[in-house]
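Data first, discussion second: the structure below is written as structure tokens.
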Amino acid sequence: MTVSTLSVAAAPRDLALSDFTVVGVPMMEASDAGAPEAVPGLPGHVGGIAVPERLDPEWAKGRGFSARPGETVVLAAAPGSPTLIGLGMGKGEGLGVGVGGTAELDRERWRRGAAALVRSSGNGVPVMVLPARRLERAAEVASAVVEGATLAAYRFDPYRKPDERTGVERFLIAGGDGGEELAAGIRYGREVAAAVCFARDLVNTPPGDLTPARLAETVAEALSQCSRTRVEVWDEARIAKERLGALLGVARGSAEPPRLIWASYEPQGGSLVTPHVALVGKGITFDSGGLSLKTADGMTTMKTDMSGAAAVMATIKACAALDISARVTAIAPATENMPGGRAIKPGDVLTARNGSTIEVLNTDAEGRLILADALSLATELQPDAIIDVATLTGAAVVALGRSIGALFGTDDVLIRRLRDAATRAGEPLWQLPLPEQYADHIDSEIADMKNVGKQGEAGSIVAALLLAKFTGKIPWAHLDIAGPARATETSGYLTKGGTGFGVRTLIELLLDLQPTATLSSRH
Ligand code: BES
Ligand code: MN
Ligand code: ZN
């Protein structure tokens, strides 16, 4: 497995432009229907060539460039910008890069701008120009640029011939305050992007190569490089000994043995008031549906069904590097869901770790089963909050599409913190309710509950209501990422395939937790 990373650095003061340089000039939408303008405070010169301050309105309009985030325009022929014309004549290229309407800080605009610059640079070397005068929160702008660039440059190519591997390999940032803020922002952006790329690599690896055992090994190997981080992997015998009956039940139909991955991070100088967050991620390395078999089409993308596990483990990978000050535990139950001869059958009853029994009426609703065990374990730790991440229901894709994740939870403070974190991270979440009226949808005739509700009715909500039964009184939130876990097209900083959705939100949430932070409304 290779973790794809772009090499990102601050450009040297004496940057020499070459044929391969693409200089990205961030531009803002005009407020007065005039011409797009360069973001204020850019350096006057890059590599000896002047940077334009504004574009001719008619010219920009003619090229359909209004500087919305992600739009680009080649500047070589721009009238009134004598400046970058030289670049067009065999000295690389100048590119106007839209970052949207206002100068106000919005990291998502910078991610999208940097991604557009990378995607317009072929095999060249993009250079993003940042404001030179002291920008407020310069580090955040720099980190967003690094994230957007690195994620756009991401390719999953270990299964291709080496000579078919192409794309941007180096990315430079010119200007900025040139000092510590810029360096800190670059470092932060690199770590975040590396974590997201790690999750993407796990998701994109074919299911025959990323079995539960291989997933556990790969995660353990990656985390062994991280300080203050520990990993433990439970094999089938340990899983049985720990009475994880739901995970064992799902694994019965598969020739591959299950695993449970347990990772933990201890901050430097932790104390009794250090907040403890437990993360739980769904790790179905392939979901055939089991005996309630999916259609051929329905299972083509089901290697993606371990995206939750990938997200929580990638988050742990970033904790030490970012010096997170919370305690973090991540638990990922991992198994295939297959229809082998020993598979559980519709009508079977499984007993979860907390003693609750679940009647399995549809073996394709397997995620909630393995999460029942993992959430029980997390609850026993009595953390300040539990957050699970799962590609849980097709109904979440129907409700919110492929760009927005569904958010559920039992605690207003935790929900608010997660929504704010998601906004900063550029990973939109929309809250859905946990209504008591639907509790009886999972009443079973013979067990404590059944694993499916009523066909076609509130599928994502009913799944979340089942999970809630395993979290006791601990503040809990659930992210159903069935939609955004996989991109169906390459666009912006997403590359077709696994997206690593959830990693940036979890990191943002954890960064926000000072040692005495309140995570719950029950204080
Ligand atoms: N892994 C799927 C959910 C899924 C579907 C994720 C599409 C991504 C894209 C999950 O295990 C599943 O099969 N859920 C069923 C539940 C149903 C049987 C109650 C579903 O959504 O159809
Ligand atoms: Mn399923
Ligand atoms: Zn599944």
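Data for the structure
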| read-out | value |
| --- | --- |
| Filter result for the condition that a residue is more than 12 Å from ligand 1 (Cβ to nearest atom) and either among the aromatic types (Phe, Trp, Tyr) or over 20 Å from residue 511 (Cβ atoms) (or both), over 314, 318, 332 | 332 |
| Residues being over 18 Å from the mean Cα position of the chain (by Cα), within 16 Å of ligand 3 (Cβ to nearest atom), within 22 Å of residue 435 (Cβ to Cβ) and of a type in the set (Gly, Ala, Ser) - total across the range 373-409 | 2 |
| Pairs with Cβ under 6 Å, 6+ apart, first in the range 207-219 and open to solvent by less than 20 Å² (accessible area, probe 1.4 Å), second of a type in the set (A, V, I, L, M) and assigned to a helix (DSSP H, G or I) | 219/313 |
| Long-range neighbours under 7 Å by Cβ, at least six apart or interchain, first residue closer than 16 Å to residue 393 by Cα and at pLDDT 95 or above within the range 271-297, second open to solvent by 10 Å² or more (accessible area, probe 1.4 Å) and away from ligand 2 (no atom under 16 Å from the Cβ) | 285/211 |
| Condition check for residue 482: modelled with pLDDT of 95 or more, in the same structural domain as residue 304 (by TED's automatic domain parsing), among the aliphatic types (A, V, I, L, M) and farther than 23 Å from residue 299 by Cβ | no |
| Whichever residue in the range 440-458 is of a type in the set (Gly, Ala, Ser) and within 31 Å of the chain's Cα centre (by Cα) and, among such residues, is most open to solvent (accessible area, probe 1.4 Å) | 456 |
| Strands (runs of 3 or more DSSP E) lying entirely in the range 337-436 (those with 3 or more residues that are under 18 Å from residue 468 (Cβ atoms) and open to solvent by less than 10 Å² (accessible area, probe 1.4 Å)) | 385-390, 405-409 |
| Any chance residue 308 is under 19 Å from residue 499 (Cα atoms), in contact (Cβ under 8 Å) with a residue 24 or more places away in the chain and either in a helix (DSSP H, G or I) or within 15 Å of ligand 1 (Cβ to nearest atom) (or both) | yes |
| Strands (runs of 3 or more DSSP E) within the range 1-98 that include 3 or more residues at pLDDT 90 or above and buried (at least 21 other Cβ atoms within 10 Å of the Cβ) | 21-28, 93-98 |
| Residues located in the range 139-169, provided they are in contact with a Pro (Cβ under 8 Å, 6 or more places away or on another chain) and open to solvent by 10 Å² or more (accessible area, probe 1.4 Å) | 159, 168 |
| Count of residues meeting criterion [open to solvent by less than 40 Å² (accessible area, probe 1.4 Å) and more than 16 Å from ligand 3 (Cβ to nearest atom)] in the range 459-481 | 9 |
| Neighbours by Cβ (under 8 Å, 6+ apart or cross-chain): first from the range 376-397, on the phi > 0 side of the Ramachandran plot; second among the β-branched types (Val, Ile, Thr) and at pLDDT 95 or above | 382/474 |
| Which listed residue, of 285, 295, 301, 329, is away from ligand 3 (no atom under 12 Å from the Cβ) and closer than 30 Å to residue 222 by Cβ | 329 |
| Extreme residue, nearest to the chain's Cα centre (by Cα), among residues of the range 283-301 that are among the β-branched types (Val, Ile, Thr) and not in a strand (DSSP E or B) | 301 |
| Scope the range 211-230; condition in contact with a Lys or Arg (Cβ under 7 Å, 6 or more places away or on another chain) and part of a loop (DSSP other than H, G, I, E, B); matching residues | 226 |
| Search result, residues across the range 271-282 that are in a loop (DSSP other than H, G, I, E, B), away from ligand 3 (no atom under 14 Å from the Cβ) and either touching a Pro at 6+ places or on another chain (Cβ under 8 Å) or closer than 16 Å to residue 363 by Cα (or both) | 271, 273, 274, 275 |
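Residue-wise test of (1) hydrophobic (A, V, I, L, M, F, W, C); (2) under 30 Å from residue 110 (Cα atoms).
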{"site": "328", "(1), (2)": "yes, yes"}
{"site": "340", "(1), (2)": "no, no"}
{"site": "344", "(1), (2)": "yes, no"}
{"site": "375", "(1), (2)": "yes, no"}
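The values are calculated or read from the model by the stated rules, or taken from the named source; none is laboratory data. Quick caveat: nothing in here was measured; it's all calculated off a predicted structure. Counting neighbours? That spans all protein chains shown, and the Cβs are built from the backbone with ideal geometry, glycine included. In case anyone asks, the SASA skips ligands and DNA or RNA and just uses the protein heavy atoms, side chains included. Shrake-Rupley method; radii C 1.70, N 1.55, O 1.52, S 1.80 Å.
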